[in-house]
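Reading through the structure tokens given below for one structure.
FYI, it's all coordinate maths here, none of it is from the lab. These figures come from a predicted structure and were not determined experimentally. Neighbour counts are summed over all protein chains in view; Cβ atoms, including those assigned to glycine, are modelled from backbone coordinates with ideal geometry.
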Amino acid sequence: MTARSSIGAAQLDRALGDWQQGRESAYRSLGGALRTLVLDGRVPVQTRLPSERELAAALGVSRTTVAAAYELLRAEGFLASRRGAGSWTALPAGRPMPVAGLSPFPTDGGGVIDLGVAALSAPEPWISEAMAAAVAELPSYTRTHGDFPFGLQVLRQAVADRFTRRGLPTGPEQVMVTAGAAGALSLLLRLSGPAERIAVESPSYANALQAIRFGGARAVPVPLAEDGWQLDAWSRTLREAAPALAYVIPDFQNPTGLLMPEQQRQELVALARATGTQLIVDETMAELSLEPDGPPAPRPLAAFDRTGSVITIGSAGKTFWGGLRIGWIRARPELIRRLAADRSSMDVCSPVVEQLAVRHLLAEALPELLAFQRRRVREQRDALVAAVRQELPGWTFRVPGGGLSLWVRTDDAGPGGSALATAAERFGVWIGSGPRFGVDGVLERFVRLPYAQPPEVSREAVRRLAAAAAGGPSASVPGEFSLL
């Protein structure tokens, strides 16, 4: 194993913060702080660290202290070194790597509360009304073969119009309808070859990371700071790792809920253009802003692109209902034509009735439906936040201004994310542990808690999580909290 990126002494000093605390010897404190940075994903695995001399100068300690800390990490398996190549972060041998994304808990799971999937129940009566309108329009299409690889023209136009209203002028020739955002990403990953590098945020969407693994590509993590994207880290990764693609979620990022400001959007597009990296932008959460009195939403990231190198993924799944399974890609017209031709070996096209239903929702019901969705998600978010603060006061998180989930750091004294997820299932709660949202088995102190359930269900789920974290005996689970 060798380094795939690096971190400078000044940046590592900032990341370490106030590391020298308590009565522990300086080298042990420094080693422990560096270990935490690795396990929390703030310094990725296979990152080359500064030399002992450089880090000692930045931290204002002796070189002996840094050398002893590095030696401690090597002994624990968190650092690897080779003469002439320096030292880079690692994980101890035998540590399990994430191998799966997140799937819904089986619907025959009795009283299990599903906090694994960040997806809402259908907003009614809008979904049923849209399906009825779609069926009424269906005769206009039944005289055809029913295969529309680009998607129905009326839906492509509705999606293009929505981009235009959000500040990104778009024509229907720039839009392709897909089988949800997952189908869109699967198609786009074909743009990279086997073993190609793809830069991703850390943490990132678990199922996207799984799709990258299944496609044979190598995800290169770029850590998210507590308050957002670190453009210096992105610059270093794009220059040093030279990834062909980068997958980012700038709008209420999944799982953290972070929102990228416009200035950073502009800078990231410029970085990608300078390094020849194509950006795949996941906008599936973009419509779920929960702060009615907040600042205006940033323009889509592609609004800062002048070369057609930014590809945007969208979906009806989070905004409306996942059961529709309709998504889309916005890209330059020649790429849309290529993707539509490639699609014949995958799923050919998306269902006609569902496309017509989404067209109805976008063109005729969107303002009222969005207001309803945002009100109920905001209520659900606030209920989950209050429950976690009451039942698990040692857990820390920031309250996101949108999206569907809390990214929570658990108490250091309790079980890590993977152990907690296993224990929680015995108490009738299904959650996503932190390593599922990372690349190298890190993020073990984290869990993702969606606020996609009604308030009373979330409160019960948190009570069960508190019992699981405390290590008490599992209890019977009431069936009334099943998803069905």
Task: the stretch 126-367: Cα Rg divided by the 2.2 N^0.38 Å rule of thumb - done: 1.00
Open item on the list: To the nearest 20 Debye, how big is the dipole of the stretch 5-89 about its Cα centre, given +1 on the beta carbon of each Lys and Arg and -1 on that of each Asp and Glu?
Closed with: 220
TODO: Just rank L168, L259, fewest to most, by other beta-carbon atoms within 10 angstrom.
DONE: L168, L259
Task: Among G402, A371, G308 the positive-end extreme of the charge dipole of the chain (Cβ point charges) - done: G308
Task: Cα gyration tensor, the stretch 5-89 - rounded (a/c under 1.5), prolate or oblate - done: rounded
Open item on the list: Give me the net charge for the shell around G471: Cβ to Cβ below 14 angstrom, other residues only, Lys and Arg +1, Asp and Glu -1.
Closed with: +1
Task: the stretch 235-274 and the stretch 376-416: distance between their alpha carbon centers, rounded to Å - done: 26
Task: Computed E for R299/S140 - FRET, C-beta separation, R0 25 angstrom, nearest 0.05 - done: 0.10
Task: Extension gain from D161 to R337, taking 0.36 nm per residue of separation minus the Cα-Cα distance - done: 61.4 nm
Task: Antiparallel content of DSSP bridges confined to the stretch 126-367, in %, to 5 - done: 35
Open item on the list: I need the Kirkwood Rh of the stretch 43-95: take the reciprocal of the average 1/r across all distinct C-alpha pairs and report it in angstrom.
Closed with: 11.4
Open item on the list: Taking 25 Å as R0, compute the FRET efficiency from the Cβ-Cβ separation of V353 and A386 and round it to 0.05.
Closed with: 0.05
TODO: Assuming R0 = 30 Å, can you tell me the calculated FRET efficiency for the pair R28 and Q266, based on Cβ-Cβ distance, to the nearest 0.05?
DONE: 0.10
- [ ] Kindly provide the helix-only [θ] at 222 nm of the chain, computed as the sum of -39,500 (n - 2.57) over DSSP H runs of four or more divided by all residues, to the nearest 500 deg cm²/dmol?
- [x] -12000 deg cm²/dmol
Task: Size of electric dipole in the stretch 378-442: Cβ of Lys, Arg +1 and of Asp, Glu -1, about Cα centre, debye, nearest 20 - done: 160
Task: Note, ³J(HN,Hα) from phi for the stretch 275-285, Karplus 6.51, -1.76, 1.60, rounded to Hz, x at Gly and Pro - done: 9, x, 9, 8, 8, 9, 10, 8, 10, 5, 9
Task: Solution diffusion estimate, µm²/s, Stokes-Einstein, the stretch 388-464, Kirkwood Rh from C-alpha pairs, 25 °C, viscosity 0.890 mPa s - done: 192
Open item on the list: Give me the one-decimal nm value for the distance between modelled label points at A371 and S121, 7 Å along each residue's Cα-to-Cβ direction.
Closed with: 2.3
TODO: Let me know the shape class of the chain, please: from the alpha-carbon gyration tensor, a ≥ b ≥ c as square roots of the eigenvalues, rounded when a/c is under 1.5, otherwise prolate if a/b is greater than b/c, or oblate.
DONE: oblate
TODO: Select from L339, A270, T237 the residue farthest towards the positive end of the dipole of the stretch 126-367; place +1 on Cβ of Lys and Arg, -1 on Cβ of Asp and Glu, and compute about the Cα centre.
DONE: L339
Task: Within the chain: Cβ-based charge dipole about Cα centre, in debye rounded to nearest 20 (Lys, Arg +1; Asp, Glu -1) - done: 1240
TODO: Return R28, R381, R42 ranked ascending by Cβ neighbour count within 10 Å, so the fewest neighbours appear first.
DONE: R28, R42, R381
